[in-house]
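Can you keep this structure in mind? I'll have questions shortly.
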Amino acid sequence: MKEIVIISGKGGTGKTTITAAFASLVDQKIMADCDVDAADLHLILKPEIQYQEDFYSGHTAFIREKDCTRCGKCVAVCQFDAISPDFVVDAVSCEGCGVCVHFCPVQAIDFPENLSGQWFISRTRFGTLVHARLGIAEENSGKLVSLVRRQAKEQAKKENSDYIIVDGAPGIGCPVISSLTGASAVLVVTEPTLSGLHDLERVIQLANKYFQIPTFVCVNKFDLNREISDQIENFCYENQIHFGGKVRYDEAIIKAMVQGKNIFEYRSSPVADEIAAIWKKIEDFLNSIAN
């Protein structure tokens, strides 16, 4: 199977819009939403949850009052000032390092795993979607992304799918790194602004230079600033990055989103043709290297 990850240098470039559109173009596929910090692919795909499981990650110390001798050892060794003078752990300040647990002379400190979120396997009108929801202010989103991708691959094997289409996270942080590892190809969605170009350069360096994954670039709403769109296209050619294409600004995209549809479901339009052409380039490339 081939895994295509759609990412962006920053949020709001249209990454999920493109991903949702791809759902109409590929028959045998599994969809995965790995933007677990701010998942929104479900707003378009409208999944019916078939399986749900809690996600546990990280630890928070808890001092059992009845067993604590108030010796003060835990307060002394905590580097994050997470333990109050009356020996109560502040869950927000606790970093889960476990030092207090290790040094407690009477073993009066519990160290349970945190319930950090949930992950799901769902049915949609486009097929199976594996997605997740990270709890508010919870950490380890990279670990949850890895879990979602692993489950997506398992589903792809069960369903004999040809593709896994992944809606990745924006930026270059841990969730993006977890989204990219081992992918067949990456599509970076950017916008025609100077900040968009700067963010594009960073994310291409991550995907193409460090992970050495074939990388394609799509300029969304290119006609809002044709000069910078051309700069982005030239940047790709100069750095031997695959230029996937340009997608124009069209209010039909907005109207489709409001109705919970992708652009192919909403109506025929030049935007749909442009997105289809980008997918065709990616598909042809993957088929060529497979052969």
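The values are calculated or read from the model by the stated rules, or taken from the named source; none is laboratory data. This structure is a prediction, so every number in the text was calculated from the model and none was measured. Reconstructed Cβ throughout: ideal geometry from the backbone, glycine too, with neighbour counts over all protein chains shown.
Residue 134: exposed (fewer than 13 other Cβ atoms within 10 Å of the Cβ) and either modelled with pLDDT under 95 or in contact with a Lys or Arg (Cβ under 6 Å, 6 or more places away or on another chain) (or both), yes or no?
Details: exposed (fewer than 13 other Cβ atoms within 10 Å of the Cβ): no; either modelled with pLDDT under 95 or in contact with a Lys or Arg (Cβ under 6 Å, 6 or more places away or on another chain) (or both): yes.
In short, no.
Pick out the one residue from 276, 290, 252, 185 that is at pLDDT below 95, closer than 18 Å to residue 2 by Cβ and either in the same structural domain as residue 20 (by TED's automatic domain parsing) or in contact with a strand residue (DSSP E or B) (Cβ under 8 Å, 6 or more places away or on another chain) (or both). Give the derivation first.
Values: 276 fails: at pLDDT below 95; 252 fails: closer than 18 Å to residue 2 by Cβ; 185 fails: at pLDDT below 95.
Going through 276, 290, 252, 185 in turn, the sole match is 290.
In the list 219, 203, which residue meets the criterion of being surrounded by 21 or more Cβ atoms within 10 Å (Cβ to Cβ), touching a helix residue (DSSP H, G or I) at 6+ places or on another chain (Cβ under 6 Å) and not polar (S, T, N, Q)? Reasoning before the result, please.
Values: 203 fails: touching a helix residue (DSSP H, G or I) at 6+ places or on another chain (Cβ under 6 Å).
Result: 219 is the single residue among 219, 203 that is surrounded by 21 or more Cβ atoms within 10 Å (Cβ to Cβ), touching a helix residue (DSSP H, G or I) at 6+ places or on another chain (Cβ under 6 Å) and not polar (S, T, N, Q).
Oh, and also: Just checking, does the stretch 97-119 include any residue being in a strand (DSSP E or B), of a type in the set (Phe, Trp, Tyr) and in contact with a helix residue (DSSP H, G or I) (Cβ under 9 Å, 6 or more places away or on another chain)?
From the stretch 97-119, those in a strand (DSSP E or B) are 109-110, 113-119; that's our starting set.
Those left that are additionally of a type in the set (Phe, Trp, Tyr): 119.
The next check asks that each one be in contact with a helix residue (DSSP H, G or I) (Cβ under 9 Å, 6 or more places away or on another chain); those that pass are 119.
Checking the stretch 97-119: at least one residue is in a strand (DSSP E or B), of a type in the set (Phe, Trp, Tyr) and in contact with a helix residue (DSSP H, G or I) (Cβ under 9 Å, 6 or more places away or on another chain).
Which fully enclosed strands (runs of 3 or more DSSP E) of the stretch 160-221 have 3 or more residues being without any contact (Cβ under 8 Å) to a residue 12 or more places away in the chain and either at negative phi or among the hydrophobic types (A, V, I, L, M, F, W, C) (or both)?
Numbers: elements: 163-170, 185-190, 215-220.
The strands (runs of 3 or more DSSP E) meeting that bar number zero.
Then there is this: Could you give every pair whose Cβ atoms fall below 7 Å, whose first residue belongs to the stretch 226-254 and is assigned to a strand (DSSP E or B), and whose second residue is among the aromatic types (Phe, Trp, Tyr) and surrounded by fewer than 19 Cβ atoms within 10 Å (Cβ to Cβ), counting only separations of at least 6 or pairs across chains?
Qualifying pairs under 7 Å: 242/285; 243/237.
What's the number of the only condition in (1) part of a loop (DSSP other than H, G, I, E, B); (2) more than 16 Å from the chain's Cα centre (by Cα) that residue 139 fails to meet?
(2)
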